[in-house]
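Written out below as structure tokens is the structure these notes cover.
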Amino acid sequence: MSQRRVFLRIKDAAIRDRVADALVSPVQTEDFSEAGAWLDALLANRYDLAVVDATGCASDALWSLAESPALAECEFFLLSDGTPNEALDKATSRSGGFHFRAPYDIEEISEAIAEVAAELEVESEPVATPTGSQLDQYGLLVGSARPMRKLYRTLRKVAASEANVLVVGESGVGKELVANTLHQASDRSRAPFVAVNCGALSPELVESELFGHTKGAFTGAHKAHEGLFAQAEGGTLFLDEVTEMSLEHQVKLLRVLETGEYRPLGGSQLRNTNVRIVSATNRDPEVAVCEGIFREDLYFRLCQFPVRVPPLRERAGDITGLAQHFLVYRNSEEEAAKTFSAAALQLLEQHPWPGNVRELKYCVERAFILAENVIEPEHIILGDMEADRDSASTVPQVPAGVPLDVLEQAAIERTLAQNDGNKTETAEQLGISVKTLYNKLDKYEKATGDGAPQSATDSFHPE
């Protein structure tokens, strides 16, 4: 069992002694309590656990610590005198650590450190070469990498609260799985979990979808409709890609969150709502606020507790583990016994996986279909570039003189057909939001009714 590295900077001798007692597993402790270059050492080296007394630290040092990836790569505990400090708040919320404020409860601090140290000891135990799915799992999430274990601990704690959670992560990392896991681990687990992609909501029907409508509320409302808030009553409402919602409707959502009341479209009676809101975005929400597409007041309402889901490239060891996991379950479904060759696993490990876990899963599915018994590198298709790498001449030439709107429509229709109508994947491949895609498809449909060509591909034939 390899030793874990522990960084200590603790001024209080009593706390330092209790922390030493809590670290019962084999560890290499580096104590910088009296040294002056503690920050350089912490930022320059890889530690498994860090305990830092931030009392009296210079503001520049604390901001360097908050903005460094060092804390995100280890389990950490911050101690302070309790004075409000934006840098410490950012470090804690960004990297999911502990922050204890004076007067200290030494017993509580030592128990928390002992718990984390015990989990690190389990992580350090050698794992045999997997012949099946041997990854850890929490709820619907699978993975044994340190960032995932840290995510599990965070979710376990926040699930017990009623705080609104904003899940931030790249496309394909499993944000909805995180939301569903939060729901299953909460006291609301027996009530409904209702998910909606805000970018896919038609602008004209957002209010009806969220709050419902009465019969006759608008043309075509032939019967009453229960909105998503009513459907999720007592449970969890998951608002995926919430930053894609129009500013007009963000205001209406904010009002419900502030008052706990809403009125169905066309109705006269207010209804009270009892739902927990978990939202998600693949954007940086603070950047979205600065760009004016996400209301700051709504951001603060939704982000009572932020959760960042790590991309697959940051989950060391999970790439091949997840590939084995998907293959084992596929073998079980098909009563097969296919395996990966060492070269295939090495190829998977080296790929950057911009599409994250979703891309890896589809890659394994394709390889399973192509391979007979052993999956070799030639069975692994890594995106469209790999499929066309042998012949750049197969890329269609764009003819001159074709209006840009026709080219755009043709690109959308062909990509949509290639993805069997999957609008989320189509939007991702085209580099636009799902909301924008729906708006353009709606525009094309209306144009068809006005006598325009049924499809841009009818009038666009690249040579």
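Points to keep in mind about this one:
- Applying a threshold of 7 Å to beta carbon distances and a minimum spacing of six or more residues, or different chains, the list of pairs starting in the range 199-216 at a residue that is within 9 Å of LEU265 (Cβ to Cβ) and ending at one that is open to solvent by 40 Å² or more (accessible area, probe 1.4 Å) and part of a helix (DSSP H, G or I) reads GLU207/LYS252.
- Selection status of ARG308, open to solvent by 30 Å² or more (accessible area, probe 1.4 Å), of a type outside the set (A, V, I, L, M) and touching a residue at least 60 places away in the same chain (Cβ under 8 Å): yes
- The residue that is modelled with the highest pLDDT, among those in the range 181-205 that are assigned to a helix (DSSP H, G or I) and surrounded by fewer than 21 Cβ atoms within 10 Å (Cβ to Cβ), is GLN184.
- Pairs, first open to solvent by 70 Å² or more (accessible area, probe 1.4 Å) in the range 400-429, second β-branched (Val, Ile, Thr), C-beta under 6 Å, six or more apart: GLN429/THR415
- Members of the range 312-365 found to be in contact with a Phe, Trp or Tyr (Cβ under 9 Å, 6 or more places away or on another chain), open to solvent by 50 Å² or more (accessible area, probe 1.4 Å) and within 27 Å of GLU73 (Cβ to Cβ), listed by number: ARG313, LYS361
- Unmet requirement for THR219, which otherwise passes all of (1) without any contact (Cβ under 8 Å) to a residue 40 or more places away in the chain; (2) part of a helix (DSSP H, G or I): (2)
- Of the residues making up the range 276-292, just one is in contact with a helix residue (DSSP H, G or I) (Cβ under 6 Å, 6 or more places away or on another chain) and in a loop (DSSP other than H, G, I, E, B), namely ARG283.
- Taken over the range 254-291, the residue count meeting the criterion of being without any contact (Cβ under 8 Å) to a residue 24 or more places away in the chain and open to solvent by less than 60 Å² (accessible area, probe 1.4 Å) is 2.
- Residues that are part of a helix (DSSP H, G or I), buried (at least 16 other Cβ atoms within 10 Å of the Cβ) and either touching a Gly at 6+ places or on another chain (Cβ under 6 Å) or at pLDDT below 90 (or both), drawn from the range 222-251: ALA230, GLU244, HIS249
- The criterion of at least 3 residues that are farther than 30 Å from PRO311 by Cα, in contact with a helix residue (DSSP H, G or I) (Cβ under 9 Å, 6 or more places away or on another chain) and among the hydrophobic types (A, V, I, L, M, F, W, C) is met by the following helices (runs of 4 or more DSSP H) wholly inside the range 1-117: 13-22.
The values are calculated or read from the model by the stated rules, or taken from the named source; none is laboratory data. Keep in mind that this is a model prediction, so the values were computed, not measured. Heads up, the Cβs are rebuilt from the backbone with ideal geometry, glycines too, and the neighbour counts pull from every protein chain shown. Heavy atoms of the whole protein, side chains included, go into the accessibility calculation; ligands, DNA and RNA do not. Shrake-Rupley method; radii C 1.70, N 1.55, O 1.52, S 1.80 Å.
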